[in-house]
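**Q** Once you've had a glance at the structure underneath, I'll fire off some questions.
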Amino acid sequence: LIFLAIFVGVIAHVEVSAQVPGTQSTSPRVDFSGVYVAVYVGEPETVILPDVYPFTAEAERAFNAFDRAVADPRVGNDCAPMRMPAILWSPDPMEILQEDEGVVVRFEAGDTTRSIPLDGPPPPANQPYTELGYSVAYWVADVLTIETTHMMGGVIVNDMGQPISREARTTERYWREPGENNLQMELLVDDPVNYTEPLKLGRLWGWSPDERVRPWNCFSLQPPR
């Protein structure tokens, strides 16, 4: 409930620009490597959501029928795998490791690791749909950009119920404001099954060099299968 309350009343204006993987620089002048923690209080807003979700008829039915206790496989089972893009709203620490061949993003939540190649190839025709999907990273000047497809679907934010389909494409953009170590994240969601126009969301990750990503000691209240 606390996490849900954080998001209430936050407003963002939608302004979307498309990026094409493989056409941008892979030699950034910045290094985002380090550990970051959730920030929910501050000015300007540290969490940004659309003031209106342009639902399709199908999405509006799904949103009105949303019951987290039924829809979220993690209710009563902290060991269930985290999903994209809901993992991006985790209240737990996150670590970024920049490498020559790609970017590794480690979330404490669910011991979740995303290994994302720089300027990787498009997904093959038989690419499966998975919890984290298929991601490719590239740089636009000093902005780290990650595009993801082939996600399993579900909701954009676990507690809120706005749906996301398997046809969706998400674009994450990470950057630092001048003189800052904190990391800005912007998420664009392009999902014509559920929304009549792309969505724009965002959050702030606080630079925390003394923090670390700890093991996820999960628990499950569900009976063993």
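**Q** Pull up segment 107-140, narrow it to residues that are open to solvent by 40 Å² or more (accessible area, probe 1.4 Å) and acidic (Asp, Glu), then point me to the one that is farthest from Val39 (Cα to Cα).
**A** Asp119
**Q** Being assigned to a loop (DSSP other than H, G, I, E, B) and open to solvent by less than 40 Å² (accessible area, probe 1.4 Å) is the filter here; which residues of segment 83-101 pass it?
**A** Correct list: Met84, Pro85, Ser90, Asp92, Pro93.
**Q** Hey, another quick one. Give Pro198, Pro215, Pro178 a once-over and let me know the one that is surrounded by 13 or more Cβ atoms within 10 Å (Cβ to Cβ) and not charged (D, E, K, R).
**A** Pro198
**Q** Identify, by number, the condition in (1) within 24 Å of Val70 (Cα to Cα); (2) without any contact (Cβ under 8 Å) to a residue 24 or more places away in the chain that Ser220 doesn't meet.
**A** Unmet for Ser220, out of (1) within 24 Å of Val70 (Cα to Cα); (2) without any contact (Cβ under 8 Å) to a residue 24 or more places away in the chain: (2).
**Q** Answer yes or no as to whether Val104 is among the aliphatic types (A, V, I, L, M), open to solvent by less than 40 Å² (accessible area, probe 1.4 Å) and either farther than 19 Å from Lys200 by Cα or under 19 Å from the mean Cα position of the chain (by Cα) (or both).
**A** It is true that Val104 is among the aliphatic types (A, V, I, L, M), open to solvent by less than 40 Å² (accessible area, probe 1.4 Å) and either farther than 19 Å from Lys200 by Cα or under 19 Å from the mean Cα position of the chain (by Cα) (or both).
**Q** Right, next: Would you pick out the residues in segment 52-82 that are of a type in the set (D, E, K, R) and either open to solvent by less than 70 Å² (accessible area, probe 1.4 Å) or at pLDDT 95 or above (or both)?
**A** Within segment 52-82, Glu58, Glu60, Arg61, Asp72, Arg74, Asp78 qualify.
**Q** Okay, moving on. Taking segment 156-180 only, how many residues are under 17 Å from Val70 (Cα atoms) and at pLDDT 95 or above?
**A** Selection size over segment 156-180: 4.
The values are calculated or read from the model by the stated rules, or taken from the named source; none is laboratory data. Just so it is clear, the model here is predicted, and its values are computed rather than measured. Here Cβ is always computed from backbone atoms with ideal geometry, including for glycine, and neighbour counts include all displayed protein chains. Heavy atoms of the whole protein, side chains included, go into the accessibility calculation; ligands, DNA and RNA do not. Shrake-Rupley method; radii C 1.70, N 1.55, O 1.52, S 1.80 Å.
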